Every structure is written in C-alpha cells, then in structure tokens.
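The block underneath contains the structure these notes are about, expressed in structure tokens.
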Ligand SMILES: NC(=O)c1ccc[n+]([C@@H]2O[C@H](COP(=O)([O-])OP(=O)(O)OC[C@H]3O[C@@H](n4cnc5c(N)ncnc54)[C@H](O)[C@@H]3O)[C@@H](O)[C@H]2O)c1
C-alpha cells in the first residue's frame, strides 16, 4: 500500500520528458494513470494513452471523458503539456504568441474545466501545474514563454483559491532547465551544443541540469494525499537557481 494506491491520475504531455517521468512515477506508487498527449503512440502499459491536442476543446473533453470512464473517476490532474518559444518581445509575431498561449495557458484551462466535475467527487483531489522558473526570474530570450508561465503561476493561485472549499488543491512546480527531449532539441539547434549545455549547467548552483525524475518527484509530492494541507504553492525544482546567490568559484 502506497500513498497513491486506489487513486486515478491524468497527466497531459505525458508521452515525453517530465510528463512521462511523472506518469511512470505515479503508476509505480500505486495510481492508475492516463496520459493525454498529441502523440500517445509510445505510451506503454500500465499507462493508458489518449490522443488529444490541448488547443482543441472538443478533443480535450472527449479524451478526459474517456479516461475518466476507463479509470472509474479522477483524483489527480497534472497539467504539464507545453511548448517553448525563444526571443525577445520583438521576435515573435502575433500568430506565434497566440499559439504558445493557446497551448501553455488555455490548454491548462481546457483540461481543468473538463476534469473539475470529476475531481470534485474525489476525497483527495489535486491539480499540479508544470510552471517554470521563467515565471519568477527574468531569463534572456524567453519573453513569450515567460509570459505564458507567468500566467500559469497566477492561474495556480487563482484556481487554488476558487476550489479550496470544494476540496481541490492546486499547486505548481517551477523547474529550472531539465534534461528532457525538449532541451535536447534546443541543444541540437545551438551553434555549439557542448558550450550551450555547459552554460545551462553552470547557471544552476548545483552545476548540472535537473532530471525529469526529480521534477516528477516534486509533482508526486504535491499530488499526494500526504500533502493534503498544501495548496496555492509554487515549488522550485531548479538546482537552487531561483533562491541562491553564490560567489563565483575562484579561478
Ligand atoms: N525541459 C525544461 O527545461 C523545462 C523547464 C521548465 C518547465 N518545463 C515545462 O515542462 C513541461 C514539459 O516539458 P518537457 O521538457 O518534458 O517537454 P517534452 O517536449 O519532452 O514533452 C512535452 C510533451 O507535451 C506534449 N504536447 C505538446 N504540445 C501539446 C498539445 N498541444 N497537446 C497535447 N500534448 C502536447 C508533447 O507531445 C510531449 O509529449 C512543459 O510545460 C514545459 O514548459 C520544461
């Protein structure tokens, strides 16, 4: 018997990276887990895959309804699907702004709207949003992405307030740079991938990238009934990047 035994979870963006690690960890700790993703073809048992684009409200409602029917209810929603964007405020056109906000912000809204009626029936309802250090620190070349994650942080607080009396907790994790396929793609596109990776590692006081499993552990902590008194919080999982100010290492 573990903390997630008997609980049912849905993880968006659960076919890769942080979402995949989270889905696998929740299942290992006893949950029945559904994965909602653009491409769930790689999702393996005991996880159940459901195809949906979080920008499509009808598809989201259909996938959530199917997952809830198969799982027999829903206790945990992990809003993790997201996409990136690079550049300053000048560098992305309106279409790109609409696309990224549609996935990263409205995507979370759509899955939450579809899931809430079911979460209200749970004795251990929890929502965990994957936010980012980009919501709390000014990172260069991340204007649009930061705006989307700033909205996720604010939504986490607003949703926590709206639903606390319904027994639904809402929290988020704020990862630093995590070693996922997403960051792999960014590194592959860099002029000097090794130098880019070294710079990203050096930016985090631990001197390395965060692992997807470490973010999954933080999400599971917030989703667990053991955290029943925790709502409206943002948990940094960033190797100390947000909170620490180290002196440079003497050469
Ligand atoms: N990797 C990092 O450094 C990092 C840091 C902070 C926050 N995050 C956040 O973590 C989350 C996951 O990132 P990751 O690094 O694991 O990325 P990833 O690219 O490895 O995985 C993202 C998953 O989301 C799915 N997805 C994307 N758009 C979708 C859509 N419209 N509908 C449904 N599914 C969709 C993809 O198919 C993929 O399976 C994102 O919200 C991201 O903003 C990542």
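Tabulated data
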read-out: Restricting the stretch 43-57 to residues that are over 19 Å from residue 73 (Cα atoms) and more than 9 Å from the ligand (Cβ to nearest atom), the residue that is surrounded by the fewest Cβ atoms within 10 Å (Cβ to Cβ); value: 44
read-out: Residue match in the stretch 229-240 (condition: more than 30 Å from residue 124 (Cα to Cα) and touching a helix residue (DSSP H, G or I) at 6+ places or on another chain (Cβ under 9 Å)); value: no
read-out: Residue check, residue 70 touching a residue at least 12 places away in the same chain (Cβ under 8 Å), assigned to a helix (DSSP H, G or I) and either surrounded by 13 or more Cβ atoms within 10 Å (Cβ to Cβ) or under 15 Å from the mean Cα position of the chain (by Cα) (or both); value: no
read-out: Residues (within 13 Å of the ligand (Cβ to nearest atom), crowded, with 23+ Cβ neighbours inside 10 Å and over 10 Å from the mean Cα position of the chain (by Cα)) located in the stretch 16-33; value: 20, 21, 23
read-out: Residue 216 being closer than 30 Å to residue 170 by Cα, in a helix (DSSP H, G or I), within 11 Å of the ligand (Cβ to nearest atom) and in contact (Cβ under 8 Å) with a residue 12 or more places away in the chain; value: yes
read-out: Close pairs (8 angstrom Cβ cut-off, 6 or more residues apart or separate chains): without any contact (Cβ under 8 Å) to a residue 40 or more places away in the chain and more than 15 Å from residue 235 (Cα to Cα) in the stretch 170-188, assigned to a helix (DSSP H, G or I) and near the ligand (Cβ under 8 Å from one of its atoms) anywhere; value: 179/212
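Conditions (1) over 23 Å from residue 235 (Cβ atoms); (2) assigned to a helix (DSSP H, G or I), marked per residue:
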{"residue": "105", "(1), (2)": "no, yes"}
{"residue": "110", "(1), (2)": "yes, yes"}
{"residue": "115", "(1), (2)": "no, yes"}
{"residue": "118", "(1), (2)": "yes, yes"}
{"residue": "138", "(1), (2)": "no, no"}
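Every residue, every condition in (1) more than 14 Å from the ligand (Cβ to nearest atom); (2) touching a strand residue (DSSP E or B) at 6+ places or on another chain (Cβ under 9 Å); (3) under 21 Å from residue 229 (Cα atoms), yes or no:
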site: 122; (1), (2), (3): yes, yes, yes
site: 129; (1), (2), (3): no, yes, yes
site: 147; (1), (2), (3): no, no, no
site: 157; (1), (2), (3): yes, yes, yes
site: 162; (1), (2), (3): yes, yes, yes
site: 167; (1), (2), (3): yes, yes, yes
site: 172; (1), (2), (3): no, yes, yes
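Each reported figure results from applying straightforward, stated rules to the coordinates on display, with no laboratory input. Treat the numbers as computed from the prediction; the structure is a model and nothing was measured. All Cβ positions, glycine included, derive from the backbone under ideal geometry; neighbour counts span all protein chains shown.
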